[in-house]
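Please read the structure below before turning to the comments.
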Amino acid sequence: MKPRIRLNSCYTQHKKTLNENKDKIPAGEVANIEKELNTLKSAIDSGDAEKIEAGMQSLTQASHKLAEIMYQQVQDKQPSASGTSSGSGDSAASSSEDKDDSDVIDAEFEETKN
């Protein structure tokens, strides 16, 4: 029973991710992922292990493409820091990391059991 629950969970999660991001990805990719979701759902309902495995692999490949598109969109929206600094990008990154660490307090503690 556990594998079936896991498969249904995987199916549901992929469907949710697709529905939440439909407006952010090309229609062709939406159609492809929906096709793979339907194929997997049919395979789950049939109980055929080979069809389920093939459906999972196809859906995984399609979801990787979805993740790639979403990641690229996020990268495109972020401003590039390389053109704004006269020094190397590494020194700019390390100085911003130093600023982020200023709130961190290093402390030791000892756990006691009652």
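The values are calculated or read from the model by the stated rules, or taken from the named source; none is laboratory data. The structure displayed is predicted, hence computed values, not measured ones. So basically every Cβ, Gly included, is an ideal-geometry build from the backbone, and we count neighbours across all protein chains shown.
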Segments classed as helices (runs of 4 or more DSSP H), wholly inside segment 26-114, with at least 3 members that are at pLDDT 85 or above, surrounded by 10 or more Cβ atoms within 10 Å (Cβ to Cβ) and of a type in the set (A, V, I, L, M, F, W, C): 27-46, 49-77
Residues in segment 13-60 that are among the acidic types (Asp, Glu) and over 25 Å from residue 3 (Cβ atoms): how many? 3
